[in-house]
Each structure stands twice: as C-alpha cells, then as structure tokens.
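What follows is a set of notes on a single structure, which appears directly below.
The values are calculated or read from the model by the stated rules, or taken from the named source; none is laboratory data. Source: prediction; values computed, not measured. Glycine also receives a Cβ, built like all others from the backbone with ideal geometry; neighbour counts cover every protein chain displayed. Heavy atoms of the whole protein, side chains included, go into the accessibility calculation; ligands, DNA and RNA do not. Shrake-Rupley method; radii C 1.70, N 1.55, O 1.52, S 1.80 Å.
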Number of protein chains: 2
Amino acid sequence: MWIPIQLNEQSAEPLYHQIEVQLRALIVSGQLPEGTLLPSIRELAQQTKCSVITIRRVYQDLENEGLLRTRQGTGTFVAQVDGQQRDNQRRSAVMTAIETAAEAGLRVHYTDDELIGMLREALLRMRPAAGEAEHGSGQGEGGRQHDG
Amino acid sequence: MWIPIQLNEQSAEPLYHQIEVQLRALIVSGQLPEGTLLPSIRELAQQTKCSVITIRRVYQDLENEGLLRTRQGTGTFVAQVDGQQRDNQRRSAVMTAIETAAEAGLRVHYTDDELIGMLREALLRMRPAAGEAEHGSGQGEGGRQHDG
DNA sequence: TATACTGTGTATATGAATATATACAGTATA
DNA sequence: TATACTGTATATATTCATATACACAGTATA
C-alpha cells in the first residue's frame, strides 16, 4: 500500500504539514476515493522516513477535518463526505491562498489585470507544455518558505 | 512623523511580520519615496505599542533587503534602489504568493480558467465597487496625511 | 561640554511548534 | 489463546519564533 507523498527535507515547512497538504489534496480532489484504506501509520512512517507519531498527527488532524475515519485495530480510511462539503473544502483550500495573494497585490497597487496576468504566467510556468511533448526538464519547482 | 501601519492584535501573525509586510509595501509601491526619513524606532514603537526591539528588528530586516538605510545617531531612511530592482521586489513579493496559490490549485486539479475565475472573484470582493460611486483611490480608509 | 536625540549589542524570558520513544489498547485471525 | 497487526496516550526533548530590558555608542546642536 503506497500513496504518492513527496517530502522536501530542505524546506522550512514542517514534515507533518507537507504531508497533510498533499494527503488532503489527494482526498479532496477525488484521487483517493471514499473508503480507501490508507497505509498504517507505521507503514507511512517508514515510507516517509519520519516517526509514527508524526503520521499519527497527520491522520488525526485530517480526521478532525472530517476527511478520514479511523478504527483502532483496523486502520484509517478515507471518510465519506457529501460532495457539496468536499467541494467546499477543495475550494476553500485554494481560495485562502488566492486571497492572500490578492491582498499582497492590492497592497502594492497592482491592477486586477496585472494580477491575473501574473497568475497566468505562474500557471504556464508550473504546468509546462500541457499538450506538448515535454518529458525531461524538471521545472524548478519547489522549495518555498512557509507562508506567513 | 507618522506612517500608516495597522496592526491586528488578534491575528496569529506576529507583530514584526505584520509591520514588515506593510512597511515593505509602502516602500516598494513608491508611497514612501527614496530618502524619506522614517520615524525613529522609539517613535514607531510607541505608535504601534510594541517594543523598541521589535521595531529595530523590522528596520534591520528591511535594511538587509536593501530597502532601508540606517545611520546611527541620525535615523533610518528609505534607501535608493534603482527602479528595476524595486520593481523586482514589488513583483516578487506578489509572485511568491501567487505561486503558492497556483500550487494549491494544481494540487486539487483545478483548471487554469477556474483558478483565474477565483482570483477575479476574490479581487471583486476585496476591492468593492471600484468603478462605481466611489471616487478617489479608495485604498486605505483612515486618512493618509503626510507632512514633513 | 551638556543634553537629547538617534541606532546598537548582549543577554534572556517565554511559549509554541516540531518531533520523538515507549508503553498501552483494540481487532482480526490462525 | 497466541500472534501480529491496527491505532492511542503519556511524557519529553529540542529548536525556533517572538518579544523584551537595559546598558552602550554615534550624531547633532545649543
């Protein structure tokens, strides 16, 4: 049992948070369907080379958000949430970040069009040649600092 | 000597960081021109009701970024940076936030158009009626006076 | 020089965030 | 029941962020 989690050891962003963000996205985007049995905390701890307690925290946090359901002795599953609610979570995760960006933009007096242009640029850069033959160049994504 | 800094005591965002973000924006957007003498650290500390050391840290951080210049015994000034470089800083402050948002969006499989739409929404919400009845540049209620 | 401003350096308190080991408890099944 | 898995609870180490007091040093000027 394996799920795609990529940790950046360099980043100042704490492990538990990196894992949470990625796992949350997998669930909320439907890539991990309802009822899916996740790896055990020990298994995922081994995969990610961090402690069991850290993974436990991740599972616990996501359970508190209603995304997971755990049964002691059995395992941890993707919870069933109604589509409406899941959409909300999916949306709000992104909207929060967008609002932060918009705020930053307004503060330094960028126009709406300029900001939208910058978003277009960023997307183009991060989603290289979607439709072309790209293969290979590992676009320098990655290490950002923690958000404020 | 007074500069418009608004602190949110409730926020989890630390004081020094709130001040830095706002002061950086004032400089980088040109609202505080080159050569402007800032309030002394003691004065700004009083205005913001936080300690001198905290303000000192702010000034020091911004000096390390090249935005300020301090002369012991005299005061702290807005540094002269060539327009190119200042534009870069203005831009990168926003771009970083935009990239974070884009990353979040891609993770949950939003399309570019959806993300752009969300940004439009956010801007509309945060910059209400910018072509309607309101005249004036709308920014910052609470008075911007500026005498020297 | 005396005074009253500037910024600077050192040393420190405090609390939260991060991560951990280890022992405990529930569940499934041969 | 014995075993081998699950998750859980407690207690703790460590580091970093935040904020501070207070003595020190440079500058301007009456």
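On the basis of being on the phi > 0 side of the Ramachandran plot and surrounded by fewer than 19 Cβ atoms within 10 Å (Cβ to Cβ), does A:G35 make the cut? So A:G35 passes the test. Report yes if some residue within region A:49-62 is on the phi < 0 side of the Ramachandran plot, more than 15 Å from DNA strand C (Cβ to nearest atom) and out of contact with any helix residue (DSSP H, G or I) (no Cβ under 8 Å at 6 or more places or on another chain); otherwise report no. No.
Which one of these is within 30 Å of A:Q22 (Cβ to Cβ), among the β-branched types (V, I, T) and open to solvent by 40 Å² or more (accessible area, probe 1.4 Å): B:T74, B:T70, B:T111? Reasoning before the result, please.
Working: B:T74 fails: within 30 Å of A:Q22 (Cβ to Cβ); B:T70 fails: within 30 Å of A:Q22 (Cβ to Cβ).
Of the residues listed, the single one that is within 30 Å of A:Q22 (Cβ to Cβ), among the β-branched types (V, I, T) and open to solvent by 40 Å² or more (accessible area, probe 1.4 Å) is B:T111.
Here B:G117 qualifies as of a type in the set (G, A, S), within 15 Å of A:M95 (Cβ to Cβ) and at pLDDT 95 or above. Residues in region A:92-108 that are within 30 Å of A:Q60 (Cβ to Cβ) and surrounded by fewer than 17 Cβ atoms within 10 Å (Cβ to Cβ): A:S92, A:T96. Selection of region A:104-113 for residues being assigned to a helix (DSSP H, G or I) and at the interface with chain B (Cβ under 7 Å from one of its Cβ atoms) yields A:A104, A:G105, A:L106, A:R107, A:D112. Only one entry in A:R42, A:R56, A:R24, A:R69 is within 14 Å of DNA strand D (Cβ to nearest atom) and either part of a loop (DSSP other than H, G, I, E, B) or in contact with an Asp or Glu (Cβ under 9 Å, 6 or more places away or on another chain) (or both), namely A:R69.
No other residue among B:Q31, B:Q89, B:Q85 is away from chain A (no Cβ under 14 Å) and away from DNA strand C (no atom under 16 Å from the Cβ) apart from B:Q85. Filtering region A:3-14 to residues that are open to solvent by less than 60 Å² (accessible area, probe 1.4 Å), away from chain B (no Cβ under 13 Å) and away from DNA strand D (no atom under 13 Å from the Cβ) leaves only A:L7. With respect to (1) surrounded by fewer than 16 Cβ atoms within 10 Å (Cβ to Cβ); (2) touching a strand residue (DSSP E or B) at 6+ places or on another chain (Cβ under 8 Å), the lone exception for B:I41 is condition (1). Kindly indicate whether any position in region A:130-142 is open to solvent by 80 Å² or more (accessible area, probe 1.4 Å) and modelled with pLDDT of 95 or more. Among the residues of region A:130-142, not one is open to solvent by 80 Å² or more (accessible area, probe 1.4 Å) and modelled with pLDDT of 95 or more, which makes the answer no.
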